[in-house]
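Here is the structure we will look at, set down as structure tokens.
The values are calculated or read from the model by the stated rules, or taken from the named source; none is laboratory data. Note that the coordinates shown come from a computational prediction; the quantities given were computed from them, not determined experimentally. Every residue, glycine among them, receives a Cβ derived from its backbone with ideal geometry; neighbour counts consider all protein chains shown.
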């Protein structure tokens, strides 16, 4: 099913700019220099600027890129959901339009894991390494209890009216998460994320999870590049204790299998944050994982070492 979210005028971002890809404006903000460039792939309901604080730290030692997939955030509207191949192809064209040389380190959060994996399937030579930020995996259903399957997640997605009722609480949460952002970025981002359009987009992206997993299973595993998987196992008070423990155990096994599949893989378990709070509570862990994969990629991908 496709949700045609194409009616509203695109919001102006508080920072960054646009590249025209296939006649559409795609939001992108880059900072820093050198390589391999680190590209952040947001989760559903997240946008590139949610990773701004982490991006600024990463930009101290290499190029760091945040962006919004077509149809999301500040980018032009598109019918959602999209195939992983469409998203991956768009990202490669965006990076080329920005004159950012491959190979890239893909830092994928949540739903972004599906798109990072598809990018790696289609363009394995363009991937220097992966940082898996509590990201989705194509074999999710093989590890999770049925109550937490991808199909169940699609069915349980909140509807716009539920999100509207949660609006004040969500705004308060975002204000807390973005408290340290520069005010000229913080307030416009809080307002945009509270808009009906952005809420509908987050719901729409979650309607194609099983199709994305099927698409990925038809292709190869991730290439043999350095990988650090950050597995979040914090206790979420919104979840039932039994289900939360089952899911945390399943995620731990799933990410362990992911890093075992490559020569230079490492899993780091984080118990003091939650899935949606990872980059806000533990930017130190995220930045360290990225720095370590950058360093390891220099050994496995000599061409990715920045010029002196």
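Any idea which residue in region 134-179 is modelled with the lowest pLDDT, counting only those that are within 19 Å of the chain's Cα centre (by Cα) and part of a loop (DSSP other than H, G, I, E, B)?
Checked region 134-179; the qualifying residue modelled with the lowest pLDDT is 157.
Just the residues that are part of a helix (DSSP H, G or I) and without any contact (Cβ under 8 Å) to a residue 60 or more places away in the chain, please, taken from region 188-198.
190, 191, 196
Being closer than 20 Å to residue 138 by Cα, surrounded by fewer than 24 Cβ atoms within 10 Å (Cβ to Cβ), in contact (Cβ under 8 Å) with a residue 12 or more places away in the chain and over 11 Å from the mean Cα position of the chain (by Cα) is the requirement here; does residue 62 meet it?
Considered against the rule, which asks whether it is closer than 20 Å to residue 138 by Cα, surrounded by fewer than 24 Cβ atoms within 10 Å (Cβ to Cβ), in contact (Cβ under 8 Å) with a residue 12 or more places away in the chain and over 11 Å from the mean Cα position of the chain (by Cα), residue 62 comes out as no.
Among the residues that make up region 39-48, is at least one of them within 21 Å of residue 201 (Cα to Cα), buried (at least 17 other Cβ atoms within 10 Å of the Cβ) and without any contact (Cβ under 8 Å) to a residue 40 or more places away in the chain? Lay out the reasoning, then the answer.
Going residue by residue through region 39-48, those that are within 21 Å of residue 201 (Cα to Cα) are 40-48.
Subset that is buried (at least 17 other Cβ atoms within 10 Å of the Cβ): 40-48.
Restricting the remaining residues to those that are without any contact (Cβ under 8 Å) to a residue 40 or more places away in the chain gives 48.
Yes, because at least one residue in region 39-48 is within 21 Å of residue 201 (Cα to Cα), buried (at least 17 other Cβ atoms within 10 Å of the Cβ) and without any contact (Cβ under 8 Å) to a residue 40 or more places away in the chain.
Considering every residue within region 263-275, establish whether at least one is buried (at least 20 other Cβ atoms within 10 Å of the Cβ) and under 24 Å from residue 47 (Cα atoms).
no
If you check residue 182 against the conditions, is it modelled with pLDDT of 95 or more, over 20 Å from the mean Cα position of the chain (by Cα) and closer than 24 Å to residue 120 by Cβ?
Spelling it out, it is not the case that residue 182 is modelled with pLDDT of 95 or more, over 20 Å from the mean Cα position of the chain (by Cα) and closer than 24 Å to residue 120 by Cβ.
Between a residue in region 260-275 that is under 15 Å from residue 131 (Cβ atoms) and any residue that is at pLDDT below 95 and outside any loop (DSSP other than H, G, I, E, B), which pairs come within a Cβ distance under 7 Å, given they are 6 or more apart or on different chains?
If the second residue must be at pLDDT below 95 and outside any loop (DSSP other than H, G, I, E, B), the pairs left are 264/300.
I need a count of the residues in region 27-52 that are at pLDDT 95 or above and on the phi > 0 side of the Ramachandran plot.
2
Where in region 53-109 are the strands (runs of 3 or more DSSP E), entirely inside, with at least 2 residues that are over 15 Å from residue 30 (Cβ atoms), modelled with pLDDT of 95 or more and touching a helix residue (DSSP H, G or I) at 6+ places or on another chain (Cβ under 8 Å)?
Per the criteria, 104-109.
For region 153-170, state whether one or more residues are in contact with a helix residue (DSSP H, G or I) (Cβ under 8 Å, 6 or more places away or on another chain), free of Cβ contacts under 8 Å to residues at least 24 places away in the same chain and surrounded by 13 or more Cβ atoms within 10 Å (Cβ to Cβ).
No, region 153-170 contains no residue that is in contact with a helix residue (DSSP H, G or I) (Cβ under 8 Å, 6 or more places away or on another chain), free of Cβ contacts under 8 Å to residues at least 24 places away in the same chain and surrounded by 13 or more Cβ atoms within 10 Å (Cβ to Cβ).
Give me the pairs: first residue in region 12-26 and touching a residue at least 60 places away in the same chain (Cβ under 8 Å) and at positive phi, second residue outside any strand (DSSP E or B) and surrounded by fewer than 18 Cβ atoms within 10 Å (Cβ to Cβ), beta-carbon distance under 8 Å, and six or more apart or on different chains, which are they?
If the second residue must be outside any strand (DSSP E or B) and surrounded by fewer than 18 Cβ atoms within 10 Å (Cβ to Cβ), the pairs left are 22/93.
If you check 213, 244, 256, which single one turns out to be within 20 Å of the chain's Cα centre (by Cα) and free of Cβ contacts under 8 Å to residues at least 60 places away in the same chain?
256
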